[in-house]
Each structure stands twice: as C-alpha cells, then as structure tokens.
Amino acid sequence: MTAPDPAHPVSLDIAIVGAGFAGLYALHKLRKHGYRVHVFDAGDDIGGTWYWNRYPGARCDIESMQYSYSWDEQLQQDWQWTERFATQPEILRYIHHVADRFDLSRDITLNTRITAAIFDEAANTWTLTTDAGVRIVAPYAIMATGVLSAPLVPNLAGLDDFKGAIYHTANWPKDGVDFAGLRVGVFGTGSSAIQAIPEIAKQARHLHVFQRTPNFSVPARNQPLTPDTIAQWKSNYPELRRYAREDTGSGTIYDFPTRSAKDVDEATRNAEFEARWAKGGANFMHAYNDLVIDEESNRFAADFVRRKIRETVKDPALADALCPTDYPIFAKRICVDSDYYDTFNRPNVTLVNLKKTPFDRVTETGLRTSASDIALDALVLATGFDAMTGALTRIDIRGIGGQSLKDKWSEGPRAYLGVMSAGFPNLFMVTGPGSPSVLSNVIVSIEQHVDWITDCLLHLRSIGAQRIEPTTGVENSWVRHVNDVASATLLPKAASWYMGANIPGKARVFMPYIGLANFRRKCNEVAANGYEGFRIGQSN
Ligand code: NA7
C-alpha cells in the first residue's frame, strides 16, 4: 500500500492489527479468499513478539519442530530448524522466510500503531485510526495483537532519576547491547530474566539480580537437532500435527503420563523425574497426570526441583533464596533455562532478595534497597507484560453505544471463545482471553482461531450478512466455564499473570482456557450449529 493520506480513509474488507504469527497467517488465509486485507504493525519489522523480545538468550520454550506453522506441507518440509529450542533470531528468520515465500509484505504497513478502533453502528464498519492520524474503514477488524505484547514497566520510585541505560527485555535495542565491563542490574526473575541472566552474566563486570518472587525452572538441554530427529518429524508431519491439534491439551506433543504420582513409590517417582530432568524441557511437567490438579502430587515435583536447586547452587543460603515455596509448581508458567541456577555460582553474580531487603528506590547511580545502595551502570527490566488484555485495552476500542472495551473489561475480560466480545460486533480477536492461548503451543491456537474466523467470515459472506456478535448470555456462561475449569486445577493458586495478578489494580480473573482439544471441539460445534450463540444480522 502506498503511503496513506490522512485526508482520505483507507477502505478495506478486513483490517488486521499485528504482523506476528497470527496476523501473518490471517493475511495469507483471508487474501486467498479474495478479501481486501491489510495488516498494520507498530514495529519497523514483522514478527510481533519475536521481533520485540530480542534480549540475549531469548529462545522459544517449545521445541522448534513443533513451534512453526502447519498449514503448508511444503513449507514445513523445506524449512530447516537447527536447534531443539529455536533462538529468537532463528524464529525471526523463519517468519521472514514465510513472508517472502507467500508474498505477504505487499499487504503490510509497518511503523504504524493503531491507537483507536470505533464501530459505526449504522454502517456496520470499524474505523481504525493510526498514530499518524490515518483512518482505515473496514466492515471487519481482526486484532492479532498478541498475548504477551504489552510490556509492563513497573512504577518504580526514582526510575527517571537513573543516569545509566535502562532496557526492557520486551523492547530490546536492535543492535544489541554490550555489557562488557559494566555493573548491570536485572530486575525481575520471570522467564525472560531466567533466559537473559546467564548470558548477561558472561559479559557484565558484575550482575545484580533483583528477585521479588523466585520461579521454578527446568533445564532446556538445548542441542543441535540431529538429521534423524528432523527426518522423524518430517516423515510424519501431517499426522503429528493432527495429533497435537486434536488430541492434546496444549497443542504440544510430550511424553504423556498415564498415572498419578501417588500411584508409584518414591524411588519410581524420583527416577521418572530424574529421567525427565535429564531429557530437558517442559516435558518435566507431564511426568504424572495429576501434577497440576493434586496438591500432594504437585509437591513431589516441587520438592524434586527444589532439591535440584540446592544441589546446583553451592551457597546453601543462596539456594534457599532461589527456591520458590509459596505457590504450586506449574501454577505459573514453568521456565525452561540454560544454566540459570548455576549462574549464581559465578563470583560476578549477586542475588538481591527483595523479600528480605525490599526495594526502596532507583537512584541516579543505581538501586537502593532497605539494606544498601547498589551501584549500577545499566538496568534491565525483565518485568513482563500486561498479559492477555494489555495489547487490546491500550487501544481505544469502542463498540455499540460508544462503550469502551477497557471499561467493559475493568472487572476482568469478557469474551466468547476468546474470539469476540459482546457489544463489539465484527471485531475478532486471535487467541483472546477465554481461549487456550498462553496455555498452549500458541501457533496451534493461532491457526485454530484464524481458521475459525475465516470460516465464519465465509459463512457471513455466503448468507449476505453484515454483522455478527456473541450474545451476553453465552459470553457470561463461557467466562464462568473458563473459571470453573481453572478452579479444578492448582493454577489459580499462584499470583500469576494468568490471573492478572502482576498488574497492580488489574482484576483477578483466570484468563486462559485450559484444554486445547476440548476448546477446538466446542468451537467446531458452535460453527456447525450455524454459529450458535452469535447474533448474525443484515444490519443493526
Ligand atoms: P513475568 O513472568 O511476568 O516476570 C516478571 C518478573 O518481574 C517477575 O519476577 C516479577 O516479580 C518481576 N516484577 C514485576 N514487577 C515488579 C515490581 N514492581 N517489583 C519487583 N519485581 C517485579 O514476565 P517474563 O517476561 O519473564 O515472562 C512472561 C512470559 O513471556 C513467559 O512466561 C514466557 O511465556 C514468555 P513477581 O513474580 O511479580 O514478584
């Protein structure tokens, strides 16, 4: 598209916000059906989450042979992953390969943030506004805005006073950062920090890690992919993809368990944990089938990991500080690391336990806790995201009667199947709240949502309808169901970003749906029953 003129709105059939895995697939799929589709993205490159999260050590924690598109057999045969867990640069190269191969870039406008989306009830159209004041008018909008894409910069006293450089893991400088000779602070110990800390520690003169809550992490045991492993996947890709999509709870194939951790004796249990620990990756959490539902079984796994931390970290007091104790393992997303705990044995790494010596303020020269002033040249915020809702609520989205989505969601997000919210007709979300999203291999979830949205749009076109939205009734029952399913597990027992608990003031509601295969069946059923639960109309 040539440079849009603010004086004239751009007219489309479907406007897509976000050029990550979701937006790119939606563009490819919908364009094939003859729609005039265009993607807008704030970044100066495509890739979404995988574009922004360029911090050292950034890597996917789902195996590369599974973390890729499944919708083109030749693509999955041709592309060569090199490592068991792909690095961020390799994933970005893959995304570029896909964009080139399917000629996507001609329908993408970069450096363009969508700031508002307003529904016109008479015309049944959405008007999107860009940060340059350009308006885009389309009957349908698809928010492919990601679930971990609105970085959280905490309101830390004194942050503006700091004279050194400040980085956020989710907005890392494109040319990288050289920490050689510097005193660096990493604030936060979530998954991003756990990946970045071992890499930064290798460069920095000294690294201080500021930890409020320790996390459970399992070793990745990353390694180059062997030709045999690649061949095994590629010789059977369609069936393996089908299995992941239709028969697993998360869209990822693991060595699935058949029994409870309580059905075996301690020696058997520890041997199983040990074998999975040696193999590496999130496979560990599938050792037994009740680890996320039964407190006693969960404790067996947590105790095993705590024992491993104590075996790895030489200073017992330090090991103790790194051991999570106040929430069940797996209730926060399990971290997958390369040498995280061992990094604390390095003489140039210090853990600052903010539970014992609370954060006071950032100063001009570093960070002050209740116990000391710590001099820093650079500060890395690994403080996470306004997950699942932030990317949507940061846009001024207004539906029927001018209602804002942010207001509607102030007590927690309300959406049906994570794909639409009542009162916001013709506005689709990909992997929105109430869908498996972060509790799944997100590419599998993205493909499912985009396929469903495409079928829905084709249906509307075939019957000449111009408007669709879920009823409040089905939406309310779905939100209740999402929370009922979660309540049968241990997941709500942690103050996690699944619950909105990492954002001060955010409503505590469990947001993702647990159970990808069930979710898929439900979505298919709704479609087969003529989009049951949705109001479809010619006009308002
Ligand atoms: P996370 O998992 O949300 O981690 C953020 C970290 O930052 C976590 O340790 C937080 O401690 C810490 N944090 C955030 N705000 C503060 C304040 N105000 N004070 C002290 N510490 C703070 O984000 P990630 O980017 O690591 O990972 C998110 C997902 O992205 C991950 O699961 C992967 O799927 C990819 P807290 O736990 O709140 O005490």
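Read-outs throughout are calculated quantities, based only on the coordinates presented, and are distinct from any laboratory measurement. In this text the structure is predicted, and so the values were computed from the model without any measurement. As a convention, Cβ positions derive from the backbone with ideal geometry for all residues, glycine included, and neighbour counts pool all protein chains shown.
Summarising the amide proton neighbourhood of I397: residues at separation of 5 or more, or on other chains, whose placed amide H is nearer than 5 Å comprise A117, L405, K406.
Could you work out the relative contact order of the chain? I mean the mean sequence separation of Cα pairs under 8 Å and 6+ apart, divided by the number of residues, in percent.
On the way: 1099 pairs, mean separation 103.8, N = 540.
Answer for the chain is 19 percent.
Placing +1 on the Cβ of every Lys and Arg and -1 on the Cβ of every Asp and Glu, with no other charges, gives the chain a dipole of roughly 460 debye about its Cα centre. Database remark: amide H of T109 closer than 5 angstrom to the amide H of V39, F40, D41 (H placed geometrically; neighbours at sequence offset of 5 or more, or on other chains; Pro and chain starts carry no H). Report, to the nearest 10°, how far helix 21-32 tilts away from the longest principal axis of the Cα atoms in the chain, using its own Cα long axis and a range of 0 to 90°. The angle comes out at about 20 degrees. Rounded to the nearest Hz, the phi-derived 3J(HN,Hα) couplings of the range 136-145 under the Karplus curve 6.51 cos²θ - 1.76 cosθ + 1.60 (θ = phi - 60°) are 10, 10, 8, x, 10, 10, 10, 8, 9, 8, where x marks glycine and proline. Distance from the C-alpha centroid of the range 332-357 to that of the range 399-470: 39 Å, rounded to the whole angstrom. Hey, which of these cross-link pairs are over 23 Å Cα-Cα: K332/K506; K308/K332; K202/K314; K174/K506? Among K332/K506; K308/K332; K202/K314; K174/K506, the Cα-Cα distance tops 23 Å for K174/K506.
Computed from point charges on the beta carbon alone (+1 for Lys and Arg, -1 for Asp and Glu), the dipole magnitude for the range 254-319 about its Cα centre is near 300 Debye.
Take every pair of alpha-carbon atoms less than 8 Å apart whose residues are at least six positions apart; their mean separation over the length of the range 254-319 yields a relative contact order of 35 percent. Note on the chain: dipole from Cβ charges, positive end direction compared against N124, C523, G18; the farthest Cα belongs to N124. Per-residue packing, averaged as other Cβ atoms within 10 Å, sorts the ranges 52-62, 347-357, 129-139 into the order 52-62, 129-139, 347-357, beginning with the highest. Sequentially through the range 155-167, phi angles give Karplus couplings (6.51, -1.76, 1.60; θ = phi - 60°) of 7, 8, 4, x, 4, 5, 6, 5, 8, x, 7, 10, 10 Hz, Gly and Pro residues having no value and appearing as x.
This model, with +1 at the C-beta of Lys and Arg and -1 at the C-beta of Asp and Glu, gives the range 373-441 a dipole about its Cα centre of some 440 debye.
The alpha carbon centroids of the range 164-193 and the range 6-74 are separated by 26 Å. Can you give me the Cα centroid spacing of the range 500-540 and the range 276-307 in angstrom? Cα centroid of the range 500-540 versus Cα centroid of the range 276-307: 30 Å apart.
Scalar couplings 3J(HN,Hα) for the range 189-206, obtained by applying the Karplus form with A = 6.51, B = -1.76, C = 1.60 to θ = phi - 60°, are 9, x, 4, 5, 4, 5, 7, 7, 4, x, 6, 5, 4, 5, 9, 5, 5, 9 Hz; x denotes Gly and Pro.
The residue list P316, N270, Y288 was ranked by how far each Cα lies along the charge dipole of the range 254-319 toward its positive end, using unit charges on Cβ atoms, and P316 comes out on top.
Taking the range 431-540, which trypsin sites (Lys or Arg not before Pro) meet the DSSP loop condition and have no more than 15 other C-beta atoms within 10 Å?
Numbers: sites: R461, R467, R480, K493, K506, R508, R520, R521, K522, R535; in loops: K506, R508.
Of the trypsin sites (Lys or Arg not before Pro), the ones in loops of the range 431-540 whose Cβ has at most 15 other Cβ atoms within 10 Å are R508.
One decimal place: the segment A507-A122 gains 135.3 nm when fully extended, by the rule 0.36 nm per residue minus the C-alpha distance.
May I ask for the angle, rounded to the nearest 10°, between helix 516-528 and the longest principal axis of the chain, with both axes built from Cα atoms and the value confined to 0 to 90°? Long axis of 516-528 versus the principal axis of the chain: about 10 degrees. Residues whose amide H falls under 5 Å from that of R59, counting only those 5 or more places apart or on a different chain, are Q88, with hydrogens built in the peptide plane.
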